[in-house]
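Notes follow once the structure below has been shown.
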Amino acid sequence: MRAVVRRNKQLVCDEIGELEPAQGQVLVKTLACGICGSDLHALHHMEHMIALGRRGGGGENGFDPAADTVFGHEFCAEILDHGPGSAKTLKAGTRVVSVPITLTPGGMEALGFSNRLPGGFAERMVLSEALILAVPNGLSTEHAALTEPFAVGLHAVAKARMDANSVALVIGCGPVGLAVIAALKAGGHGPVIAADFSPRRRAAAEKLGADIVVDPARESPHDRWEALGVPKARGAQQMMRMMGGNFGRPVIFECVGAPGVVQALIEAAPAGAQIVVAGVCMETDRIEPSIAITKEIELTFVFGYSPEEFADTLRNIAEGRIDVSGLVTGRVGLDGVAGAFTALADPEAHVKILVEPAA
């Protein structure tokens, strides 16, 4: 079967071996698979990513980042066949999504970051029957394929200590920031301030429900705190409380993942703010803890999502609480994947590109 293989830090469209589902597995046809920012980074820096993951306790699963890898972890697929002894709860022809993990006798394989099993940039995949979810009737394939990236936003919001009057600021409106905005609004939170230098991304943030959209080149998003009832200085906060007033906890979502951003937020954030770090910075960074201590800033680092959050995200999209229409701005077949990676380097070119292996 055909697949796009990462080989020698290049993307090569090639033939790979056919798959046979084992017990508890299903063979699926990939219908659509999103290109993630982590795929863009992994193309040239996979070895560094895996080394950092292992230092963070990611464990050893035999994955060789220098060996052939088929990316793709944001997918919607169709069941073709079941492995022996399967329950066959979902029949052949059913469209499904899944957390990008396949259970095997040798352990878990992270689809898109595996040498043994291909991810969604292949015509077919092997998924675990216990982990697949049927796509609800009426939900399009392209919208179902956005479940995985939007689950990342739901997890980040779940880790935030939002209260009834919280004001949220989302820094960076790429895929992660947009997912956070969607999860905030689906959860009834607001006001939500969104900030990004890209006009296209700001427009997407507004479409997903951001209440205030700011171009940081023209104004600091932190200038909006006071007008939204959140005093920035500790003394002003104490005075408000002594006068019988109250205000919601300020929560900032860092969705950029570049060196210096966390430190800039520590300096600019209101006292007592929680900074939820969802952007993945792959470089050594530097902060000045004394400033964060003086302001009693809370740093929370988040990653991934739970199976429950994944299922909740699918439900939110299917029931319209998260409107993902218009976010897919490009589609390519396997032969167009390398070009799509290049196009996504420009934030004005696309929001999300889907790979459709049958195209």
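The values are calculated or read from the model by the stated rules, or taken from the named source; none is laboratory data. This is a predicted model, so every value here is computed, not measured. A quick note on method: Cβ atoms are made from the backbone with ideal geometry, for glycine too, and the neighbour counts reach across all protein chains shown. Note: accessible area is taken over every heavy atom of the protein model, side chains too, but ligands, DNA and RNA are not part of it. Shrake-Rupley method; radii C 1.70, N 1.55, O 1.52, S 1.80 Å.
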| Near the amide H of Thr69, under 5 Å away, which other amide H atoms are found, from residues 5 or more places off or on another chain, if H is placed in the peptide plane? | Arg6
| message | Tell me the angle of helix 37-55 to the major Cα principal axis of the chain, expressed in degrees between 0 and 90 and rounded to the nearest ten. | response | 80 degrees
| message | Below 15 angstrom from the Cβ of His44, what's the summed charge of the other residues (Lys, Arg +1; Asp, Glu -1)? | response | 0
| remark: A correct Karplus calculation of ³J(HN,Hα) over segment 124-131, with 6.51 cos²θ - 1.76 cosθ + 1.60, θ = phi - 60°, whole Hz and x for Gly and Pro, returns 9, 9, 10, 10, 8, 4, 5, 10
| For segment 229-359, what value does the Rg/Rh ratio take when both radii are computed over Cα atoms and Rh is the Kirkwood radius, given to two decimals? | 1.10
| What list of ³J(HN,Hα) couplings, whole Hz, do you get for segment 223-240 from phi and the Karplus terms 6.51, -1.76, 1.60, once you set θ to phi - 60° and write x for glycine and proline? | 6, 8, 4, 4, 5, 9, x, 10, x, 7, 7, 4, x, 5, 5, 5, 4, 4
| request: Would you mind computing Rg(Cα) / (2.2 N^0.38 Å) for segment 1-97, counting N as its residues? | output: 1.26
| field | DSSP beta bridges in the chain [antiparallel fraction, %, rounded to 5] | value | 55 percent
| query | If you roll a 1.4 Å probe over the heavy atoms of the protein chains, what accessible area per residue do you get for the chain, in Å²? | reply | 44 Å²
| query | R0 = 41 Å: FRET efficiency of Val12 with Ala92, Cβ-based, nearest 0.05? | reply | 0.85
| remark: Per residue, the convex hull enclosing the Cα atoms of segment 42-94 spans a volume in Å³ of 153 Å³
| query | What is the set of long-range amide H partners of Val170 at a cut-off below 5 Å, with H atoms built 1.01 Å from backbone N? | reply | Ile193, Ala194, Ala195, Phe253
| request: Compute the longest continuous run of the chain that contains no exposed trypsin sites (Lys or Arg not before Pro); treat a site as exposed when its DSSP state is not H, G, I, E or B and it has at most 10 other Cβ atoms within 10 Å. | output: 92-217
| query | When the Kirkwood radius is taken over all Cα pairs of the chain, what Stokes-Einstein diffusion coefficient follows at 25 °C and 0.890 mPa s, in µm²/s? | reply | 115 µm²/s
| note | So the carbon and sulfur contribution to the accessible area of the chain, 1.4 Å probe, in percent, is 53 percent
| query | Which links in Lys159/Lys185; Lys29/Lys91; Lys29/Lys207; Lys29/Lys88; Lys207/Lys232; Lys185/Lys232 stretch past 21 Å when you go from one Cα to the other? | reply | Lys29/Lys207; Lys207/Lys232; Lys185/Lys232
| request: Please identify the longest segment of the chain free of exposed chymotrypsin sites (Phe, Trp or Tyr not before Pro), where exposed means a DSSP state other than H, G, I, E or B and no more than 15 other Cβ atoms within 10 Å. | output: 1-196
